1. Give the longest segment of the chain that steers clear of chymotrypsin sites (Phe, Trp or Tyr not before Pro) in DSSP loops with at most 15 neighbouring Cβ atoms within 10 Å, not counting the sites themselves.
2. So for the chain, averaging the separation of alpha carbon pairs under 8 Å that are six or more residues apart and normalising by length, what relative contact order in percent results?
3. Looking at the chain as a GNM with Cα springs under 10 Å, which of 22, 169, 61 has the largest mean-square fluctuation?
4. Rounded to a whole number, what % of the accessible area of the chain do carbon and sulfur atoms account for, probe 1.4 Å?
5. Hey, if we sort 36, 64 by accessible area with the 1.4 Å probe, largest down, what's the order?
6. Does anyone have the angle between helix 111-138 and the longest principal axis of the chain? Alpha-carbon axes, 0 to 90°, nearest 10?
7. If you roll a 1.4 Å probe over the heavy atoms of the protein chains, what accessible area per residue do you get for segment 70-142, in Å²?
8. Given the Cα atoms of segment 86-199, and with Rh set as the inverse mean 1/r over their pairs in the Kirkwood sense, what is Rg to Rh to two decimals?
Amino acid sequence: MTTSNDVARAALLRRGFALEYTTLAWNVVGIVVLAVAAISARSVALAGFGLDSLIEIGASTVVVWELTGTGEERQRRALRLIGVGFALLAVYLLVQSTFVLATGFHPHHSALGIGWTAVTAAVMFALAAGKARTGAALDNPVLKTEGRVTLIDGLLAAAVLVGLVLNSTLGWWWADPAAGYVLVYYAVREVREIFFSDH
């Protein structure tokens with residue numbers, strides 16, 4: 001016999017899956033858009049944000065996998081996979097941003113990058129709020145953690161947007177790799193949260 005709690009949980013799980021599939025679809029499109037924008041502008045921030053979108057795809061895939069099963073070991077493994085992705089992103093961005101600053105490389109303007117990051121920030125903030133509520137209602141630490149990943153994705157989109165706008169309007173070429181360092185900070189913070197705090 002199905003109880004009201006079972007019905008409510010099933011509805012929450014459906015919402016969780018819908019949020020993750022929406023995130024997946026948005027980021028798959030985003031990788032293509034960001035690749036075009038990063039190559040044409042030769043922007044380290046856009047390239048880094050594209051890699052962040054790839055990590056978000058991996059994180060959403062991990063959550064979909066985790067939501068189809070149960071168990072603490074499965075949750076721990078899912079969280080570790082998300083953390084490894086963030087660690088790889090931090091290393092790449094640290095090296096690339098430092099190289100760009102050291103060589104004085106000037107990225108070009110990117111109207112496409114500005115438009116995409118502006119819209120992405122709004123979409124990611126909305127998705128993050130939905131994941132936080134749904135993860136809390138399900139008492140699911142993986143969904144809640146991935147909701148923070150999505151929130152960070154929105155914050156990073158905003159940081160990259162600021163860097164791109166400063167480069168385009170004021171010619172502050174260094175704002176692009178500086179935005180890369182902002183991404184490094186958030187990636188390292190998330191790695192610490194995943195690996196070194198209690199969930």
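The values are calculated or read from the model by the stated rules, or taken from the named source; none is laboratory data. As the structure is a prediction and not an experimental result, all values here were calculated from the model. Note that each Cβ is placed from the backbone with ideal geometry, even for glycine, and that neighbours are counted across all protein chains shown. The accessibility values were calculated without ligands, DNA or RNA, using every heavy atom of the protein model including side chains. Shrake-Rupley method; radii C 1.70, N 1.55, O 1.52, S 1.80 Å.
1. Details: sites that count: 105, 172.
Value returned for the longest uninterrupted segment is 1-104.
2. Details: 269 pairs, mean separation 55.7, N = 199.
Answer for the chain is 28 percent.
3. Per the Cα network of the chain with a 10 Å cutoff, 169 tops the list.
4. Working: 6520 of 9490 Å².
Percent of accessible area from carbon and sulfur atoms in the chain: 69.
5. Details: 36 85, 64 20 Å².
Reading off the accessible areas and sorting them downward yields 36, 64.
6. Compared with the principal axis, the helix lies near 20 degrees.
7. Details: 3680 Å² over 73 residues.
Computed with neighbouring chains in place, this is 50 Å² per residue.
8. On the way: Rg = 15.7 Å, Rh = 15.1 Å.
The Rg/Rh ratio comes out at 1.04.
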